[in-house]
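One structure below.
Each reported figure results from applying straightforward, stated rules to the coordinates on display, with no laboratory input. Since we're looking at a predicted model, the values are computed, not measured. Virtual Cβ from ideal backbone geometry, glycine too; neighbours counted across all protein chains shown.
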């Protein structure tokens with residue numbers, strides 16, 4: 001599933017194509033694309049027609065398109081189109097409906113812009129989706145976000161992100177550090193790939209209990225997550241297959257720089273010991289058990 005660097009790459013691409021453009025017509029091609037929009041796909045498309053994009057924003061793994069205000073709506077209550085890519089969602093921009101995307105088997109939604117181009121949403125596995133929402137304050141009252149995302153924690157690239165407070169919140173959790181990193185209500189944007197990479201950088205085993213880690217260690221994990229996601233963003237994110245591409249259909253190249261994720265039995269880039277694959281939360285974790293010492297036996301932490 002795309003994580004923060006991949007979603008930010010898509011956001012930047014969408015902003016370049018959409019800001020200042022008006023939607024002429026929108027069409028839903030599959031019912032699941034609008035399942036989060038309670039009134040359904042037809043209502044979603046009707047309400048999008050004629051709307052002008054002001055900006056494209058992001059929190060964690062979620063995107064939203066901010067539209068120009070209509071009538072007397074306050075600036076912090078304007079309508080937004082919230083998008084989640086799910087496991088395989090792709091936004092693509094093409095010049096002509098008769099092009100290759102019009103007959104694409106995974107086309108779920110498209111919208112014609114006032115310059116004649118088409119914005120298309122492709123989604124092979126149909127876990128992604130779109131919904132209209134309105135802005136409101138987040139849980140901390142610091143930023144206007146879609147109301148459906150108010151419970152999502154700030155991500156490390158937001159100005160309001162406070163590492164010391166997030167580290168304290170993580171340390172209060174009586175759960176494995178990786179499980180806490182994946183909890184989007186604590187800190188958003190970090191998924192399986194960058195959690196493994198950050199923990200490797202900080203030399204912390206994913207099964208260590210968060211509340212047993214010293215505060216400086218947790219801060220080092222947060223800093224590592226920020227650093228590795230910034231590095232991934234510079235390379236357009238991580239593409240393991242054709243399901244993640246940017247709006248121009250191009251893949252990211254950070255896979256070549258990954259230290260542990262997906263590198264089972266290969267040598268650790270730091271010490272040379274073989275990278276091990278562990279099962280965790282119905283997914284895989286990749287660790288160097290020389291650099292990332294596992295919990296001590298009898299510590300009530302996962303082995």
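Some points to look at:
- For residue 70 and residue 212, the FRET efficiency from 1/(1 + (r/R0)^6), where r spans their Cβ atoms and R0 equals 51 Å, is about 0.45.
- Considering only alpha-carbon pairs that sit under 8 angstrom and 6 or more positions apart, the relative contact order computed for region 4-149 is 26 percent.
- Nitroxide proxy distance, nm - points 7 Å out along Cα→Cβ at residue 140 and residue 125: 3.0 nm
- Förster radius 45 Å - calculated FRET efficiency between residue 173 and residue 102 (Cβ-Cβ, nearest 0.05): 0.40
- Added length on full extension, which subtracts the Cα-Cα distance from 0.36 nm per residue, residue 22 to residue 250: 79.6 nm
- Normalising the Debye intensity of the chain to I(0), with uniform scatterers on Cα atoms only, and taking log10 at q = 0.11, 0.12 Å⁻¹ returns -0.70, -0.81.
- Working from label points 7 Å from Cα in the Cα-to-Cβ sense, the residue 78 to residue 115 distance is 1.9 nm.
- With neighbour counts taken as other beta-carbon atoms within 10 Å, the residues 109, 280 rank, fewest first, as 280, 109.
- Remark on region 163-287: hydrodynamic radius 15.0 angstrom, per the Kirkwood mean of 1/r across alpha carbon pairs.
- With the alpha-carbon atoms of region 4-149 aligned to their principal axes, the span from lowest to highest coordinate is 44, 31, 29 Å, starting with the largest.
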